[in-house]
1. In the set 139, 124, which member is touching a helix residue (DSSP H, G or I) at 6+ places or on another chain (Cβ under 6 Å), under 26 Å from residue 67 (Cβ atoms) and buried (at least 16 other Cβ atoms within 10 Å of the Cβ)?
2. For segment 150-170, what are the residues that are closer than 14 Å to residue 220 by Cβ and within 20 Å of the chain's Cα centre (by Cα)?
3. Determine whether segment 89-108 contains at least one residue that is outside the structural domain of residue 247 (by TED's automatic domain parsing) and closer than 16 Å to residue 214 by Cβ.
4. Of everything in segment 88-128, what is within 16 Å of residue 30 (Cα to Cα) and part of a helix (DSSP H, G or I)? Give them in sequence order.
5. What do you reckon, is residue 177 within 18 Å of residue 258 (Cα to Cα), modelled with pLDDT of 95 or more and in the same structural domain as residue 53 (by TED's automatic domain parsing)?
6. Give the residues of segment 64-92 that are closer than 23 Å to residue 176 by Cα and under 17 Å from the mean Cα position of the chain (by Cα), sorted by residue number.
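The values are calculated or read from the model by the stated rules, or taken from the named source; none is laboratory data. Here the structure is a predicted model, which means the values were calculated and not measured. A quick note on method: Cβ atoms are made from the backbone with ideal geometry, for glycine too, and the neighbour counts reach across all protein chains shown.
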């Protein structure tokens, strides 16, 4: 045996150590994935001459078994031993909703000890923005239903308290999910503690109606991240068709940010991200508008 092979304090080589290793020495938590699939669609509009309002929607699954039977949850499931987190997320999404071949990015990992009554479960959440008109949603056999819910997440209360070493900021959000048949709600409190250079953020569910597990916290956090990312990335264009008007794009930004934007400022902001085409809208009752498309090289222009 070569002299340069490293051994541990017990005198084992890595090969010998692995041969004797017992995975049962430590308790092993289960690992799951949860997916947040957002879309923006037109709200029903009886006046055909008025441009339809946009609404933010989230895909939810109605649980068909315990725990939380009959409640609505994010699509997701357990990670198998022979697959990565990304592979598990794509597989579960396909199995539970029939959605396939979309881009998702990992959002956050949730590991509170009591977050699931079955056992110790750690969950990696994923977020995606999609054009829902291109999807064929179907619930799986182990889910009672799969539906889009209109999402509203508004700041309800805010309190800032000075401490000896910094401050504590408590913000309470009202989360509402609704469609033609269901109304779900939750109150989520976000507590940010700052002491010098150390910042800690905690989330707790204050009230809950119809949303399974701790998924209200996950949804609130996802909306916060979505509102942040839309300001400095091209993520919003995942919600758009290939051709769109600048007014449609602005409405998408406004519904996600939950605020009105000045037209001139918005158009300056996204000018380098879009390419003007020679096409126009042909909707009855509306004045034709110039159509644009996303410029995939926009980021290179800013480097």
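1. Every option except 124 fails the conditions.
2. Answer for segment 150-170, where residues must be closer than 14 Å to residue 220 by Cβ and within 20 Å of the chain's Cα centre (by Cα): 151, 152, 153, 154, 155.
3. Yes, because at least one residue in segment 89-108 is outside the structural domain of residue 247 (by TED's automatic domain parsing) and closer than 16 Å to residue 214 by Cβ.
4. Once the filter is applied, which keeps residues that are within 16 Å of residue 30 (Cα to Cα) and part of a helix (DSSP H, G or I), segment 88-128 yields 88, 89, 92.
5. Working: within 18 Å of residue 258 (Cα to Cα): yes; modelled with pLDDT of 95 or more: yes; in the same structural domain as residue 53 (by TED's automatic domain parsing): yes.
Taking the combined requirement at face value, the residue satisfies it.
6. Across segment 64-92, the qualifying residues are 72, 73, 74, 75, 76.
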